[in-house]
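Enquirer: Once you've had a glance at the structure underneath, I'll fire off some questions.
Since every read-out is calculated from the coordinates, none of them should be taken as a lab result. Quick caveat: nothing in here was measured; it's all calculated off a predicted structure. Cβ atoms come from the backbone with ideal geometry, glycine included; neighbour counts cover every protein chain shown.
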Amino acid sequence: MNRIFIVILAFFALMSCGKEKSKNGRLLSSSSGNINSLSVVVDNLLWENNVGEAIREVIAAPVEGLSIDEPLFSINQMPPQVFSDFTTKSRIILLIKKGESPNTVIRKDVYAKPQTLVLITGNTDDEIINQLKNNADKIVDAYKKEEVKEQQRRISLSLFDIEPIKNNLGISIKFPTAYRIAKQEEDFFWIRKDIRNGTMDLMLYELPLDRIHLNDSVVKDIIRMRDSIGHQHIEGPLEGSYMITDEGYAPYKFDGTLDGHSVVITKGLWDVKNAFMSGPFVNYLIEDREQKRYLVAEGYVYAPSVDKRDNMFELESIIKSIKFN
């Protein structure tokens, strides 16, 4: 009898493997999907008219700071009739329903966990389009947060030992063992990962607060600062070559917070003086008034002739894991 009981328990344990309970107690399967891959559930006729165009304008808008246009999310469109079983397990979903009062609702863990589902309703095409456009920033932000969490979860499966960084910069940061510390000079760290077509790189260092002025000239100060660091630390393939900021591309600037600290985020293109190399970068200038410094975290990619969206997303997810000790 005991053996039968054990077999039954083992059976139910296997059946529930990979499942978690939702807030209402339902058992949910684990979500799935590539990073930045979005399932769009909408009637085919709507997808082919102005509604589909509005969806693409919001969800497939170009990522800022890349040398070639790449969409925020890769889209997998399907009609509601096929949205069942495994197709409901995507981590991020956009669901469009026509024939209901206009509304935009963000729901968590509806069919799987973790999952972010955005439901947009409207009685007419114009009402649906207005909901999309009026809530575009909120929708994209919800998806990005879900994908950053997933990227960081994957990174955490095999973490690099960051003891030297913790001791020298007073921070913790999570990046996988596929990376290596290529250079450490006092409080400067150059961290690299080899990829098929090039490298993914991180720089971590600190500056005194008087080096950057948080006013209208902050972007110029950041460019001047990173060009100086590139000259000093990031040599190119030829003698006398080093990393600089691409002068022909105006960087994007954003304000934000990270671990309770104010941040100026700059996205643009880097170049190598006296050599034919370039790519995108994202620079986080993090104000640390307690230590009277700026912590600078920058990620950049060198991968000629291939898409770089997901590489840059990984680097930015790593930067967003920074915690001050």
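Enquirer: Report the one residue of Ala60, Ser29, Leu132 whose Cα lies farthest in the direction of the positive end of the charge dipole of the chain (charges on C-beta: Lys and Arg +1, Asp and Glu -1; origin at the Cα centre).
Expert: With unit charges placed on the Cβ atoms, the residue in question is Ser29.
Enquirer: Using Cα centres only, tell me the gap between the range 296-325 and the range 255-270 in whole Å.
Expert: So the separation of the two Cα centres works out to 12 Å.
Enquirer: Follow-up question, since we're still on this one. How large is the charge dipole for the chain, taken about the Cα centre, if only the Cβ atoms of Lys, Arg (+1) and Asp, Glu (-1) carry charge, to the nearest 20 debye?
Expert: Working: 41 positive and 46 negative charges, 320 e Å.
In total the dipole reaches around 1540 debye.
Enquirer: Okay, moving on. Quick one: compute the contact order of the chain, relative version, from alpha carbon pairs under 8 angstrom and 6+ residues apart, as a percent. Could you put the intermediate results ahead of the total?
Expert: Numbers: 615 pairs, mean separation 46.3, N = 325.
Contact order relative to length: 14 percent.
Enquirer: Using only Cα atoms, what Kirkwood radius does the range 167-325 have, in angstroms? Can you show the working numbers first?
Expert: Details: mean 1/r = 0.0628 Å⁻¹.
Computed over the range 167-325, the radius equals 15.9 Å.
Enquirer: Mind jotting down the distance between the C-alpha centroids of the range 145-199 and the range 204-218, whole Å?
Expert: 23 Å
Enquirer: Hydropathy at least -1.0 by Kyte-Doolittle, axial extent at least 27 angstrom from the Cα trace: which helices of the chain, defined as entire DSSP H runs, fit?
Expert: Values: long enough: 136-155 (28 Å, -1.47).
Helices meeting the criterion: none.
Enquirer: Translational diffusion coefficient of the chain at 10 °C, 1.306 mPa s, Stokes-Einstein with Kirkwood Rh over Cα pairs, in µm²/s as a whole number.
Expert: Numbers: Rh = 22.1 Å.
It diffuses with D of about 72 µm²/s by this estimate.
Enquirer: Could you work out [θ]222 nm for the chain from helices alone, using -39500 (n - 2.57) per DSSP H run of at least four and dividing by all its residues? Round to the nearest 500 deg cm²/dmol.
Expert: On the way: 8 runs with 92 residues, N = 325.
Only helices count here, giving -8500 deg cm²/dmol.
Enquirer: Ok, one more. Give me a comma-separated list of calculated 3J(HN,Hα) values for the range 272-289, in order, Karplus coefficients 6.51, -1.76, 1.60 applied at θ = phi - 60°, integers in Hz, x for any Gly or Pro.
Expert: 10, 5, 6, 8, 9, 9, 6, x, x, 9, 10, 10, 10, 9, 9, 7, 10, 5
Enquirer: Over the range 170-290, what is the relative contact order in whole percent, taking alpha-carbon pairs under 8 Å and six or more residues apart?
Expert: Values: 171 pairs, mean separation 17.2, N = 121.
Once divided by the residue count of the range 170-290, the mean separation gives 14 percent.
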